[in-house]
Amino acid sequence: MTDPSPQPTAQFSFAVRSARRPTLYVLAERSLTALIYACGISAIFFVVGIFLFVFKEAAPVLFSDRFSLSQFLFSEQWYPTSELNKRYGVLAMTAGTFSVTALAMMIAVPFGLGAAIFISEFCGPRLRETLKITIELLAAIPSVVWGFIGLTVMSKLIVQLTGAPVGVNILNGGIILALMSVPIIVSIGEDALKAVPDSFREAGLALGATRWQLVWRVLLPAAKNGLLAAVLLGVGRAVGETMAVLMATGHAVQIPHGILDSVRTLTANIAAELGEAPAGSDHYRVLFLIGILLFTITFVVNLAADMAVRGIRKK
Amino acid sequence: MFAETPFVRSKRRSEAFAKWLFFAMSAAMVLPLLLIVGYLFVKAAPSLNINFLLDVPRRGMTQGGIWPAFVGTVYLVFISLAISAPVGILAAVYLNEYARDNWLNRMINLAVINLAGVPSIVHALFGLGAFVYAARLGYSILSASLTLAIMTLPVIIASTREALASVPMSFREACWNVGATRWQTIRAVVLPNSISGILTGVILQVSRAAGETAPIMFTGAVFFKAVQKGEVFAYHLNEQCMALSMHLYTISTQVPGVKESIPFATAVVLLASVLLVNAAAITLRALMRSRKKW
Amino acid sequence: MNQLAARGIRFAVTAIWGGAAATCLLLSGCGGGGTDEADTVCIQNKGSDTMVNVAQAWAEEYRAVAPEVDVEISGGGSGVGIAALIKGAIDIANASRNMKPEEIEQAKRNTGKEPREFIVGHDALAIYVHRDNPLNEISIDQLADIFGEGGKTTKWSELGVSIPGGQDEIVRVSRQSSSGTYEFFREHVLNKEDFKLGSRDMNGSKEVVELVAGTPGAIGYSGMGYNVPGKVKMLKVATRKGEPAVEPSVASALDKRYPVARSLLLYTLGEPSGETKAYIDWILSDAGQKVVEESGYVPLPADMRHK
């Protein structure tokens, strides 16, 4: 290593000067860099902006004495436009959201993880590519198309097969949501399994484990954080889904007693009533408050997923 | 010579069982796609022809085609793309090329993840509160496109970032060593080598934006707007427009007496456009992988 | 190859800047107000889901009368349309219920103009059941007992009928609360009391009829324009039990013998002028009223039409 700052000769300093970039160019690059920084930070700006804006619209009712938070959370009485006694309780819709999401996860988690295991452990490269592309296409189907399928195809099937009085219910919404959240579970789950070092597999096989044992005893424990993240992201997707559940769950405000009952979810409720509520009315603000509730749920779920993923990265 | 012992046989069986079980689970994911697409096509067949695409809805939307909705979707998608592509690509450039590993950038990462996870209906609330009312853009194509743009931003950021990260560090170092600035390096080396990955992200954004309903329902999509058959410049930015996804929703829930095949055909057109766009992205990505020189 | 890509990038960068600049321009341009278009006029029309099909049919037909006029139709419910009118965001609100006094008050305060009401047709709010349901008539009290909060009727056997297929539970099909149909039903059938929770609240009149058509134990309400003969049955309705029940029809809706008949209304802010006036005049003319009839509603009698 030579001395980094030798005495510059006259010739050398001349060379440096001539290589200096034009002022205009430097300014342009600086402004471009500033723009890039601004765009980078924009994501934070948008997330915080969304929260603040939605909260700002909801705040006046949240802090007014006409409204009680405990009634909002724990009452099932949803009468936003009543002429006699307006009541804003979202318990029935929270129950709706959770029942549909739970059913969807009961279907999607085993199938999604099973497919992830098959893709990463059991199949050849060509089949793997085909399956991954198919699952990607499955993820691309718009939610309104899923809702349409639920409304026209699934509801008739459900009435025929189960004898339920109405085909738009938790079962319908749960199956649709399962199909919608499977792709994300498969792709994140597969990433998690791929992240398990091959030496784990080799050690297992060398001990004479079957691949079933390998999956059950080695891969699942080793990849459990990533798989948890996959499931959580699936939950986030299911909780936030709007159009499909709006069309497929039957839209009835009630605490469900079985999977053939119709329910209304938080998202569907906003979608159905937002257009109606005059801007600035209590009803309008309560819908924004439901938005805050949804935002909080998905934020927590996504944060947990992110922490789970970070867990594997650290290892 | 090497006869199977019962132990080996049971081992082999359990292997085969595991394989078939997981295969069945994967097949259970693939089959619905095929069945659904097949069923929709069969039901839609009576209405599927070029005239259905080019014609306007007629006789109280019970007959005719979907042209105004199709054009409206194209408008929404491209305007939202014009907004989200520059911001998203530059944000990815920032995250991959400029950001150091500090708390600010962890926050940005978290924000991107959460932006992707915010329910579409919350985006709709934001769009209504921020663009329609606060920014006084009113119910318009512009409000709807802005809402869509913010919603689809994470798609572009994520795949651009992945593309940028796949450019080897040595390429950048070589460029810096000949005296290029950071931006010159990005422009001359990083972006050209990741252009197909970036395009993939852009295409995926298009597919996502085309299918969304909830964010545009309250910000700029209308039930009906009279448009000439085959008219391309049908809308102004400050007007509302029809959109395919919204049109599918309304004709399947609100309009009486629609010919049965029309909602199915609308669903097929929407589905086919989205899947074709996705197929383009997948092909591009495969092409990029096979062309990779490093 | 690499040079080509570099050129591509330069182009893309230019395009990005151009796009950003264009976006800024558009944003500022629209903020300035986009009223400088002389060639087309846009009438914004929003509101009742009941009327959305007839409103759409008007807009479609009117295109042939005045090609330079664009009519934008949004649904969402009468409440949506009226709320937008109060804000001055639209030109015409469609409503299947009357504006409430406080809404009129609000509109006056907000815009300084008095809402003007136009009756453009009539409708009977039909009670739909499945085609196999043996029930033929129902009274308002019975309906209130089925749909209203605190109402006790939950089984078809309590109404003295049994549904083929053995379903006894009454599946209540209602509308989302923004709909004028919902409010009209609440006011005239439930006597302003609230609905019983747990009904399937559909987002469109068509969805109500389709659900009823596919569900033997269902009962629902919607405009008679949504009837699908052969798939659902419209019940005759009596004001009180024991009184003669009246079938929903053009005649019974017009002379209000049918107990839940209503008017289809348009509201404007102040006396309409220009293209909006021409449009409403056309709606009230024979040509516009023919559309009302074709959409399944009851047109105005000849002496109340325009010209």
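Just so you know, all these numbers are worked out from the coordinates, no wet-lab data involved. Small disclaimer: the values here were computed from a predicted structure and weren't measured. Positions of Cβ are generated from backbone atoms using ideal geometry, with glycine treated the same way; all protein chains shown enter the neighbour counts.
Look at the stretch A:246-255: the mean tally of other chain Cβ atoms within 10 Å of its residues' Cβ atoms is 6. Computed from backbone phi with θ = phi - 60° and the Karplus coefficients 6.51, -1.76 and 1.60, the 3J(HN,Hα) list for region A:29-36 is 5, 4, 5, 5, 4, 4, 4, 4 Hz; x is used for glycine and proline. Of all DSSP-defined beta bridges confined to chain C, some 55% are antiparallel rather than parallel. The calculated FRET efficiency for A:N85 paired with A:L303, based on their beta-carbon distance and R0 = 56 Å, is about 0.90. Computed over all pairs of different Cα atoms, the Kirkwood value for the hydrodynamic radius of region C:29-174 is 19.0 Å. Taken over the Cα atoms of the protein assembly as shown, the convex hull encloses 212 Å³ per residue. For B:T185, the shell of other residues with beta-carbons less than 10 Å away shows a net charge of +1, using +1 for Lys and Arg and -1 for Asp and Glu. Distant-in-sequence amide contacts of C:A218, defined by a placed amide H-H separation under 5 Å and a gap of 5 or more residues or a different chain, comprise C:H130, C:V171.
The order of the peptides A:163-171, B:211-219, C:122-130 by mean Cβ neighbours within 10 Å, most packed first, is B:211-219, C:122-130, A:163-171.
Distance between the pseudo-spin-label points of B:R12 and A:S68 (7 Å out from Cα toward the beta carbon): 7.2 nm. Charged neighbours of C:S205, selected by a Cβ distance under 9 Å, balance to 0 (K, R count +1; D, E count -1). The string of couplings for region B:228-244 from the Karplus curve (6.51, -1.76, 1.60, θ = phi - 60°) is 6, 4, x, 6, 8, 8, 8, 10, 9, 4, 9, 9, 8, 9, 7, 9, 4 Hz, one whole number per residue in order, with x for Gly and Pro. Listed by Cβ neighbour count within 10 Å, with the fewest neighbours leading, C:D286, A:D261, B:D101 appear as B:D101, C:D286, A:D261. P(r) for chain A, from all Cα pairs and a bin width of 10 Å, is 6, 19, 23, 20, 13, 9, 5, 3, 1, 0 %, short bins first. Taking Lys and Arg as +1 and Asp and Glu as -1, the other residues whose beta-carbon sits under 15 Å from that of B:L90 total +2. In region A:78-314, taking the dipole from charged Cβ atoms about the Cα centre, the farthest positive-side position among A:W216, A:G163, A:V301 is held by A:W216. Coupling constants for region B:81-87 follow from the phi torsions by the Karplus curve (6.51 cos²θ - 1.76 cosθ + 1.60, θ = phi - 60°), and in residue order they are 5, 4, 8, 7, 5, x, 4 Hz; glycine and proline get x. Taking the Cβ-Cβ separation of A:T130 and B:V37 as r and a Förster radius of 22 Å, what is the calculated FRET efficiency to the nearest 0.05? FRET efficiency, A:T130 to B:V37: 0.90. Take each residue in B:272-282, count the other chain C-beta atoms within 10 Å of its C-beta, and the mean is 3.
Over all pairs of different C-alpha atoms, region B:78-290 has a mean inverse distance whose reciprocal, the Kirkwood radius, equals 19.1 Å.
The peptide list B:179-188, C:268-277, C:200-209, put in order of mean Cβ contacts within 10 Å with the highest first, becomes C:200-209, B:179-188, C:268-277. Using a basic spin-label model with each label point 7 Å from the Cα along Cα→Cβ, how many nm lie between C:D303 and C:K192? In this crude spin-label approximation the distance works out to 3.4 nm. Averaging the Cα positions of each part gives two centres, and for region B:218-246 and region C:198-236 these lie 30 Å apart.
Only Cα pairs under 8 Å and 6+ residues apart enter the sum, and on that basis the relative contact order of region C:228-307 stands at 19 percent.
Considering only DSSP states other than H, G, I, E and B, which chymotrypsin sites (Phe, Trp or Tyr not before Pro) in region A:259-309 qualify as loop sites with at most 10 other Cβ atoms within 10 Å? Answer by residue number: there is no such site. Ordered by the count of other Cβ atoms within 10 Å of each Cβ, fewest first, A:S42, B:S261 give B:S261, A:S42.
Mean partner shielding of peptide A:146-155, defined as the number of other chain Cβ atoms within 10 Å of each residue Cβ, is 6.
Rg of the Cα atoms in chain C, relative to 2.2 N^0.38 Å, amounts to 1.25. Helical content of chain B, expressed as a calculated mean residue ellipticity at 222 nm, amounts to -22500 deg cm²/dmol (DSSP H runs of 4 or more residues, -39,500 (n - 2.57) each, divided by residue number, nearest 500). Distant-in-sequence amide contacts of C:K196, defined by a placed amide H-H separation under 5 Å and a gap of 5 or more residues or a different chain, comprise C:G148, C:E149.
If you plug the beta carbon distance of B:T283 and C:K290 into 1/(1 + (r/R0)^6) with R0 = 51 Å, you get a FRET efficiency near 0.45. Each of B:A3, A:F288, A:I185 was scored by the projection of its Cα onto the charge dipole of the protein assembly as shown, and the greatest displacement toward the positive side belongs to B:A3; charges sit on the C-beta of Lys, Arg, Asp and Glu.
Stokes-Einstein diffusion for region C:123-254, with the hydrodynamic radius set to the Kirkwood value over Cα pairs and evaluated at 25 °C in a medium of 0.890 mPa s, equals 169 µm²/s.
Judged by the mean number of other Cβ atoms found within 10 Å, the most tightly packed of the peptides C:189-195, A:60-66 leads the ranking C:189-195, A:60-66. Remark on C:T154: its backbone amide H falls under 5 Å from none of the residues 5 or more positions apart or on other chains, H modelled at 1.01 Å from N. Relative to the Cα centre, the charge distribution of the protein assembly as shown, modelled as +1 at Lys and Arg Cβ and -1 at Asp and Glu Cβ, gives a dipole magnitude of about 3520 debye.
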